[in-house]
Number of protein chains: 4
Amino acid sequence: MVLLPDVQALRANHELKLTRVGVTGVKKLVRVLRPGKRDYTVFTPTIDAFVDLPGTQRGIHMSRNLEAVNETLEKLVRDPSQSLEGLAGAIAEELLQKHGYATVAEVRMLTDYFMKRRNPSGLSLYEPYALGARAVAIRGKKTWRTIGVEVVGMNACPCAMETVRELMGEAWPKTREMPKEAPGPTHNQRNRTTLEVETHQLDAIDADELIELVERCQSAPTFEVLKRGDEAKLVLQAHGRPLFVEDIVREVLTAFAKKHGRLPDDTILVARCESEESIHKHNAFAERSVTLGDLKNGAA
Amino acid sequence: MVLLPDVQALRANHELKLTRVGVTGVKKLVRVLRPGKRDYTVFTPTIDAFVDLPGTQRGIHMSRNLEAVNETLEKLVRDPSQSLEGLAGAIAEELLQKHGYATVAEVRMLTDYFMKRRNPSGLSLYEPYALGARAVAIRGKKTWRTIGVEVVGMNACPCAMETVRELMGEAWPKTREMPKEAPGPTHNQRNRTTLEVETHQLDAIDADELIELVERCQSAPTFEVLKRGDEAKLVLQAHGRPLFVEDIVREVLTAFAKKHGRLPDDTILVARCESEESIHKHNAFAERSVTLGDLKNGAA
Amino acid sequence: MVLLPDVQALRANHELKLTRVGVTGVKKLVRVLRPGKRDYTVFTPTIDAFVDLPGTQRGIHMSRNLEAVNETLEKLVRDPSQSLEGLAGAIAEELLQKHGYATVAEVRMLTDYFMKRRNPSGLSLYEPYALGARAVAIRGKKTWRTIGVEVVGMNACPCAMETVRELMGEAWPKTREMPKEAPGPTHNQRNRTTLEVETHQLDAIDADELIELVERCQSAPTFEVLKRGDEAKLVLQAHGRPLFVEDIVREVLTAFAKKHGRLPDDTILVARCESEESIHKHNAFAERSVTLGDLKNGAA
Amino acid sequence: MVLLPDVQALRANHELKLTRVGVTGVKKLVRVLRPGKRDYTVFTPTIDAFVDLPGTQRGIHMSRNLEAVNETLEKLVRDPSQSLEGLAGAIAEELLQKHGYATVAEVRMLTDYFMKRRNPSGLSLYEPYALGARAVAIRGKKTWRTIGVEVVGMNACPCAMETVRELMGEAWPKTREMPKEAPGPTHNQRNRTTLEVETHQLDAIDADELIELVERCQSAPTFEVLKRGDEAKLVLQAHGRPLFVEDIVREVLTAFAKKHGRLPDDTILVARCESEESIHKHNAFAERSVTLGDLKNGAA
């Protein structure tokens, strides 16, 4: 039997610790049984998994990162976890077990996610969303976990609608008599809004609920199948609630604080909204990072 | 001196000719002096360069492909070419020189391109477009060259506008009295339209002209800087000319045939239009491939 | 009740037929029960679905494309299809049903795919691949279907290995005495090989078999989990079988013809191989398109 | 004259300040005259430009962000700046001027960059790199600027080389007599290493120097054109210096500290190294974030 050399355990070229060492872009098929659901939910996440490395050791044994991923997934078949971020947390804790020299482990996942939504005429179909999860396990401390959702919807510009009304009144004076509630033309476009919640008490938060919360904050949701009448209803819904990217970020955070105000004050929230402008080749963008405590105390 | 083995000239594992052998993803900085311009036009194309390979030879000498690219670019400094597709053609012909065993050479290029455009209030700034070029050189025959342009503009949906008017009339009867010319709300979005022209008489076609031709066929152009009044004018322009992706493809081909009808009948045209729908998470798409002859003869 | 206007059925701006009109980028979750498997196979394809459009009609009713996708997927739950390309074919035929004015329908799908593979020490885990399918249904004719697989493996350069041996012999004369079978250093890299098979007799072909066939043609396969000894075995396997991109394309086509020679002669094969060169910033590439008939008759 | 409504200046839906509001994905063509160069350097950056927004105001006037970009670029023609990060800083400061309500402005840029490199046989050609810049201007304080470079090179795995030697010795005992300096086969691959430097004293740092520094830390550089002898020399160079991603990050930081130790202690360094593994479908990754002070004091 050959005794293989352990090159990774050798001394490093420079005694310098590293923040993250590991693997990126690992694709997996994951089946999770979520509470209250009969069928397994399927994810196909791309996974990154890291540990830190002290200055005294040259390298990590990277195959252990993949073993941590796979062993955690196998356990899952027998004892199904309830969420993607729960899975990320379990992998991060397993990484600390396998890498005795590490003090921090981090796992990130990003996946497509499909959720049933009802369109204006009541047809219920799966719509695609994106789900992200991150977990940071620190030796001897609680694991921090993050759940993130991305929702593609629609936003209509309030500023252009006002100005268009003025111009229309000049060309067609009759339109001045139109009631203020009657929406006028404006530019509207695909809108991409994300919300990330980072906490060590994540169990109370459900990804489906987060998606619904964010979707309600856009000018209108979008659907795969729309008959002619559905299209018109959605267009009117969006024009009846024109919103800037700034408005949507504020709506999302306020709605979250209202619903989840009992979470710890050190919960970190990041909301982002990007509007793929129809009148520009570039995008409009707004973002807010804030703790739940600051948000509630108005220090925001 | 070591005589290095020529592994590529060995017999192949299977006597099977290959359609394309070469390099992909070569990034270059190219300066071209275009007719009627004082400053060099700058391109940063990503280049693919191929030749075919007979079944009797194991491999090509790939470094020759890159030498063909570089030598052609160097000549350009002394004798500037006038177009990206002219450059692609010159490289393809150089490839045939360098690979005596090849009968066909193909070069593809894709680059960002910046062109000055005047916004509604007259401000003139560079807007970004994409330019593509392809050349196919066949030993003993004329070289075929393709020029392609991509224009990001705006399109407004004509169908939703009609249906929205009906619904608005129910909620706000006054809007029924609005003149038909007064545009109503509809969904509008980022629109990506491309036109490719393949011919062996390409010199008469100018990329700038093609971009302008395509841009005039969308509901409205888009601009980097728009003050409030500009936004309103663009929104009204787009809503005054609502177009399906189908309409835009037909407009582009018809406008091209009108302007360039004197080109050879075997000129190949491909027009594509993709609308990044604001009311859906997917896109709407239309495409037509046709020869100029068929287009003119109504066989289309 | 409002009678909604059918804007799509109006006359077009120009009487010009269109090659493809439809939707792109539709994301779906699909469960398929493949023959001989107990569990459902899960795909998350991105789908494009088109029909042609006569010159006399302004637009298609795009929601019908999505209804064709969804109704076909629903039927699948009760009568599971056996393959992704079978599903694409069924959707294309449904599209012709729904669009009476169309003569051709086309459906394209691209998805991640996971397949169990055994690494050198016998550990069996899912590895990620990509699967593509395309179907073209022509009214009154047989449907053409295409199945495509993408395999990421490894290739080692045969040319550099020869030259490196020469140079090593100069610096360390003892290496000249090394047996020819002992592999020397060379550059090796991530290799991406695809095979597409288009035919109207596709039922005999299994995607898993195609993946295995392509994987055996690379210098070595790649695996998620490799312990130290596995790594060394794979490196030796790849260096014991150095291959150009040209070699791999020829191996793939020859192996396919040997195994599936009984398929119709008009079956179309496209093999592509791209090597993400470790010694260059660009890639090396080879491709062959050929009918099975030409391939077998040596006209190739 | 119409007095257009200033919708952005209205009160927000919720009194909540925002961290970043602005535009993303703005593409520009920029010419910069760098010190000691005769020709203008050309960049085609994608630009993001943000300011913060107090809770009392509904939205920002986004067209001002683009005016800040354009006015700064115009000034540049008359008074050329010397660097991309200098330009980012000037735009960020202009943003604070234009948005009186903002306290922080941030500008990010990412661009391809071409630099002349000499291959082993002395041929000098432009190689492609990526350059990033970021500037954060805080009202009443110094502007922080970041310069980042990305270098694609090659790394060879030290661990597999050791293990392969053992295995080779079993199969071909003669290879045991090979001198230790004679490199053996191992897996090697495309390597992507980045270094970011953030400081308020950036003038002393030159992007070209940073690129050279990073490139010297990989197992070997890569080149566009390599003749057969060049390939062999590069392969031997890489195999003579096998490096883990961990090694490369440490080399880069140590080399930077040695060369730029006189920069302020609060300078922030982030080094990342990603290896597109030839024996895996995923990547290996290492990262370190550290202040120059901590790095020099061994607290690292």
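The values are calculated or read from the model by the stated rules, or taken from the named source; none is laboratory data. Quantities reported herein were computed from a predicted structural model and do not represent experimental measurements. All Cβ positions, glycine included, derive from the backbone under ideal geometry; neighbour counts span all protein chains shown. Accessible surface areas use protein heavy atoms only, side chains included; no ligands, DNA or RNA. Shrake-Rupley method; radii C 1.70, N 1.55, O 1.52, S 1.80 Å.
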How large is the helix-only mean residue ellipticity at 222 nm for the protein assembly as shown, computed as the sum of -39500 (n - 2.57) over DSSP H runs with n ≥ 4, divided by its residue count, in deg cm²/dmol to the nearest 500? -9000 deg cm²/dmol
For chains B and C related by rotation, which residue of B has the Cβ nearest the axis, and what is the rounded distance in Å? B:SER289, 9
Divide, for segment B:8-77, the radius of gyration over alpha carbons by 2.2 N^0.38 Å, where N is the residue count. 1.49
I need the Kirkwood Rh of segment D:234-300: take the reciprocal of the average 1/r across all distinct C-alpha pairs and report it in angstrom. 13.3 Å
Testing the spin-label approximation: label points 7 Å from Cα along Cα→Cβ at A:TYR101 and B:THR56. State their distance in nm. 5.8 nm
Roughly what percent of Cα-Cα pairs across chain C reach past 36 Å? 32 percent
Over the Cα atoms of segment D:89-199, compute the convex hull volume and normalise it per residue, giving Å³. 154 Å³
Mean projection area, nm², convex hull over Cα of segment C:28-149: 8.5 nm²
Considering the dipole of segment C:53-133 built from charges on the beta carbon (Lys and Arg +1, Asp and Glu -1) around the Cα centre, which of C:ALA90, C:LEU53, C:PRO120 is farthest to its positive end? C:PRO120
Pop out the ³J(HN,Hα) list for segment D:17-23 in order, Karplus 6.51 cos²θ - 1.76 cosθ + 1.60 with θ = phi - 60°, rounded to Hz; leave Gly and Pro as x. 6, 10, 6, 9, 9, x, 10
Per-residue average of other protein chain Cβ atoms inside 10 Å, peptide B:41-52 -> 3
Please report, in debye to the nearest 20, how large the charge dipole of the protein assembly as shown is about its Cα centre when each Lys and Arg carries +1 at its beta carbon and each Asp and Glu carries -1 there. 0 debye
To make sure I understand the rule: partners must be lysines, Cα under 19 Å from the Cα of C:LYS141, and not fewer than 8 residues away in the same chain. Which ones qualify? C:LYS98
Over 5 Å intervals from 0, what percent of Cα-Cα pairs in segment B:172-300 sits in each interval? 2, 9, 18, 18, 17, 13, 10, 7, 4, 2, 1, 0
Would you kindly calculate the mean projected area, averaged across all directions, of the convex hull enclosing the Cα atoms of segment A:71-121, in square nanometres? 5.1 nm²
What is the magnitude of the charge dipole of segment C:70-145 about its Cα centre, with +1 placed on the Cβ of each Lys and Arg, -1 on the Cβ of each Asp and Glu, and no other charges, expressed in debye to the nearest 20? 260 debye
At the level of C-alpha centres, the distance separating segment B:259-291 and segment B:3-38, in angstrom, is 30 Å
Would you give the gap between the C-alpha center of segment A:51-115 and the C-alpha center of segment A:118-160, rounded to a whole Å? 22 Å
Sorted by accessible surface (1.4 Å probe, heavy atoms of the protein chains only), largest first, B:ASP112, D:ASP266, B:ASP230 come out as D:ASP266, B:ASP112, B:ASP230
Round to the nearest 10 and give me the degree value, 0 to 90, for the angle of helix B:245-259's Cα axis relative to the longest principal axis of chain B. 70 degrees
Quick one: what are the phi-derived ³J(HN,Hα) couplings along segment D:98-108, Karplus 6.51/-1.76/1.60 with θ = phi - 60°, whole Hz, x for glycine and proline? 7, 10, x, 7, 8, 10, 9, 10, 9, 10, 10
For a quick check: with amide H placed at 1.01 Å from N, whose amide H comes under 5 Å from C:THR41's, ignoring anything fewer than 5 positions away on the same chain? C:VAL32, C:LEU33, C:ARG34
Quick one: net charge around C:GLY55, please, counting Lys, Arg +1 and Asp, Glu -1 for every other residue with C-beta under 11 Å from its C-beta. +2
Inverse of mean 1/r across different Cα pairs in segment C:149-245, Kirkwood, Å: 15.3 Å
If the limit is 28 Å between Cα atoms, which of C:LYS17/C:LYS142; A:LYS27/C:LYS233; B:LYS116/C:LYS281 go over it? B:LYS116/C:LYS281
Can you list, shortest first and in nm, the gaps between the label point of D:LYS258 and those of its counterparts in the other copies, using a point 7 Å from Cα in the C-beta direction? 5.3, 6.1, 6.9
Quick one: Karplus J couplings for segment D:115-124, per residue in order, coefficients 6.51, -1.76, 1.60, θ = phi - 60°, nearest Hz, x for Gly and Pro? 9, 6, 9, 9, 7, x, 8, x, 6, 10
Identify, among C:THR194, C:MET178, C:LEU243, the residue whose Cα sits farthest towards the positive end of the charge dipole of segment C:176-252, taking +1 on the Cβ of Lys and Arg and -1 on the Cβ of Asp and Glu, with the dipole about the Cα centre. C:MET178
Rounded to the nearest 20 debye, what is the charge dipole size of segment C:88-190 about its Cα centre when +1 sits on each Lys and Arg Cβ and -1 on each Asp and Glu Cβ? 460 debye
Between the Cα axis of helix C:158-171 and the main Cα principal axis of chain C, the angle (0 to 90°, nearest 10) is 20 degrees
May I have the extent of the alpha carbons of the protein assembly as shown along their three principal axes, as whole Å values ordered from largest to smallest? 97, 71, 69
If you line up the long axis of helix C:63-78 against the longest principal axis of chain C, both from Cα atoms, how many degrees apart are they, to the nearest 10? 70 degrees
Compute the orientation-averaged projected area for segment A:158-203 from the convex hull of its Cα atoms and round it to one decimal in nm². 5.5 nm²
Quotient of C-alpha Rg and 2.2 N^0.38 Å, computed over segment A:2-43: 2.21
For A:PHE223, which sequence-distant residues (separation of 5 or more, or a different chain) have an amide H within less than 5 Å of its own amide H, given hydrogens modelled in the peptide plane? B:LYS281
Taking a point 7 Å out from Cα toward Cβ as the label site, list the nm distances between C:LYS75 and the same residue in every other copy, smallest first. 4.6, 5.8, 6.7
5 angstrom amide H check on B:THR291, placed H, neighbours 5+ away: B:LEU269
Inter-copy label distances at B:ARG11 (7 Å, Cα→Cβ; nm, one decimal): 5.7, 6.8, 8.9
State the antiparallel share, in %, of DSSP beta bridges confined to the protein assembly as shown, rounding to the nearest 5. 100 percent
